[in-house]
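Worksheet: one structure, shown below.
The values are calculated or read from the model by the stated rules, or taken from the named source; none is laboratory data. Because the structure is a prediction, the values reported are computed rather than measured. All Cβ positions, glycine included, derive from the backbone under ideal geometry; neighbour counts span all protein chains shown. When the accessible area is computed, the model is the full protein with side chains, heavy atoms only, and any ligands, DNA or RNA have been set aside. Shrake-Rupley method; radii C 1.70, N 1.55, O 1.52, S 1.80 Å.
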Amino acid sequence: MAAVSLFVSSSTSAVSTERRFQPDIEVSELKNKLELVIGTAAVYQVLQLKTEDNVLVTTLEDDSRTLGSYGAASGMKLYVVDKDPNATAAKLDDVSQVEKVEMKDDEYDKRDDSVRAFKRRMKLGRFADGEDGAELSDIIAEDRQLTDNMKVGDRCRVEKPTRHGSIAFIGETQFKPGCMWIGVKLDLPLGKNNGSVNGVKYFECGDKYGVFQRPKLVTVGDFPEEGGLDDEEL
């Protein structure tokens, strides 16, 4: 099923970004994904589907329905209304009201927590080293494309070695920033952790039931649940 490209914006920001979603994604899961994009908690989101000309088509009121069931098509707009009574982001859209802090370029260059420092560490953009930098950029792009077709709760097969389970986490991690990782809750205790790495909790599962793997080594599908070890494995 082909993904649809929607232009996402919100009541807290005038900025619009193009995002790809699977038509069969449920509205509840869509809100969770949008929380990472716009910063509004899923519980405070009201989603509106609009035409390219900004004409309201419908409001996505039922969290259990899929995006496709509302008639979403590529090129349409997905507008997020922020109902958080404590939200202040909308007040910052008028940048003339925001106090500006300027930093000299050489001072900014020395910081290790900046976007520039991140790109330098990951060898992205102008910091790419020839073929190696280009290859890393290709890997990141491939990760994004693969994870667009995955969602938390999907049954999956994990390679190296082959195991079955359910996806419990999709995103970047602190143990290796810049790369997308899939956290899987395995059917059997054949993993490496309990959903935590270096003291950071990414998802819940029993000890040895958790594993993190790169997107290209995870296949989503209707894989049967593994019930136990074969005699040959004892």
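Brief remarks follow.
- Heavy atoms of Thr147: accessible area, 1.4 Å probe, square angstrom to 10: 10
- With K and R counted +1 and D and E -1, the other residues having a Cβ less than 11 Å from that of Gly221 yield a net charge of 0.
- For the listed residue pairs Lys151/Lys176; Lys33/Lys110; Lys83/Lys151, the alpha carbons are over 29 angstrom apart in Lys33/Lys110.
- Vicinal HN-Hα couplings computed from phi for region 174-185 (Karplus, 6.51 cos²θ - 1.76 cosθ + 1.60; Hz; Gly/Pro x): 7, 6, 7, x, x, 10, 7, 10, 10, x, 10, 8
- Multiplying the residue separation of Val115 and Ser64 by 0.36 nm and subtracting their alpha-carbon distance yields 14.6 nm.
- Taking trypsin sites (Lys or Arg not before Pro) across region 1-51, none is in a DSSP loop with at most 14 further Cβ atoms lying within 10 angstrom of its Cβ.
- Dipole magnitude of region 151-229, debye to nearest 20 (Cβ charges: Lys/Arg +1, Asp/Glu -1, about Cα centre): 300
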